[in-house]
Amino acid sequence: EIQAFIFDLDGVITDTAKYHYEAWKQLAEELGIHFDLEFNEQLKGIDRMASLEKILSQLSDGGSSFTLEQKQEWADRKNNNYKRLIRTVDESEILPGILELFHDLKQAGIPIGLASASRNAGTLLRQLKVESYINVIADPESVAHGKPAPDIFLKAAEALGVDPRYCVGVEDAEAGVQAIKSAGMFAVGVGDAEILSKADYIVSETSKLSLSEIQHYMTGR
Ligand code: BG6
Ligand code: MG
């Protein structure tokens, strides 16, 4: 029944969620804005500019006084922090169980799509040496609305030529799970069951992802 798997990248295939956190924290501290792991949870899956807006919205004036140029400069600064942090990422940073799952999917003839909001996704896939497993990469710059809107997941399904109803989406972020559900797909959440409560199936960590388990749950619904 499953005709495609569509994966998020950051926090699912590799633990780059921690580098995004670190890069935003560096910028927030320069701007004198408090930033912690709890606040960061709201930024997972959210694109660069929208993330900056959320951070600035904590200022007393809601960040409304800044020009677009100023905001662009801060977004670039965060991205430079991030690029510095991911420079040494290699295959050793693929999360546990992911290669096994990719392998099982390939064996089962189920194609894989990528639905990441990150403009650094291509670079990371190359550094992780997993490009050959991914059949389709949805370009985040080509969609009108970022997660939690379903656009990027729908784009990946369309490129694979698969009806969203037969797609499984895998996400570590609340906004990502919401995007998968809005796309009409089966949502697999990886992480905290409370945060990801809208997912159809939740595992605490990537090592617990199993194609046969997911198939079982999806057909038994
Ligand atoms: C998502 C991350 O995958 O990509 C977010 O979860 C990030 O934290 C977003 O903001 C955009 O990434 P980038 O690399 O284009 O700034
Ligand atoms: Mg993610």
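Details
- Accessible area per residue for the chain, computed on protein heavy atoms with a 1.4 Å probe, is 48 Å².
- Near ILE110, once Lys and Arg are set to +1 and Asp and Glu to -1 for all other residues with Cβ below 11 Å from its Cβ, the sum equals -1.
- Anisotropy class of the range 31-137 from Cα gyration tensor, a/c 1.5 cut: prolate
- Solvent accessible area, Å² - ARG77, 1.4 Å probe, full protein context: 70
- Protein accessible area in the chain, 1.4 Å probe - carbon and sulfur %: 47
- Other residues with beta-carbon under 13 Å from the beta-carbon of LYS129 carry, at +1 per Lys or Arg and -1 per Asp or Glu, a net charge of -3.
- Most mobile of PHE35, PHE153, PHE186 in a GNM of the chain (Cα contacts under 10 Å): PHE35
- Part-to-part distance (alpha-carbon centres) for the range 7-26 and the range 146-186, which is given in Å: 19
- Scaled against the 2.2 N^0.38 Å expected of a compact globular protein of N residues, the Cα radius of gyration of the chain reads 1.01.
- When the GluC sites (Glu not before Pro) in the range 1-105 are filtered for DSSP coil states and for at most 15 other beta-carbon atoms within 10 Å of their beta-carbon, the remaining sites are GLU1.
- Helix-only mean residue ellipticity at 222 nm for the chain, each DSSP H run of n ≥ 4 adding -39500 (n - 2.57), per residue, nearest 500: -13000 deg cm²/dmol
- Förster radius 41 Å - calculated FRET efficiency between THR123 and HIS103, Cβ distance, rounded to 0.05: 0.95
The values are calculated or read from the model by the stated rules, or taken from the named source; none is laboratory data. Just so we're clear, the structure is a prediction, and the values are computed from it rather than from any experiment. Every residue, glycine as well, gets a Cβ built from its backbone with ideal geometry; the counts of neighbours run over all protein chains shown. When the accessible area is computed, the model is the full protein with side chains, heavy atoms only, and any ligands, DNA or RNA have been set aside. Shrake-Rupley method; radii C 1.70, N 1.55, O 1.52, S 1.80 Å.
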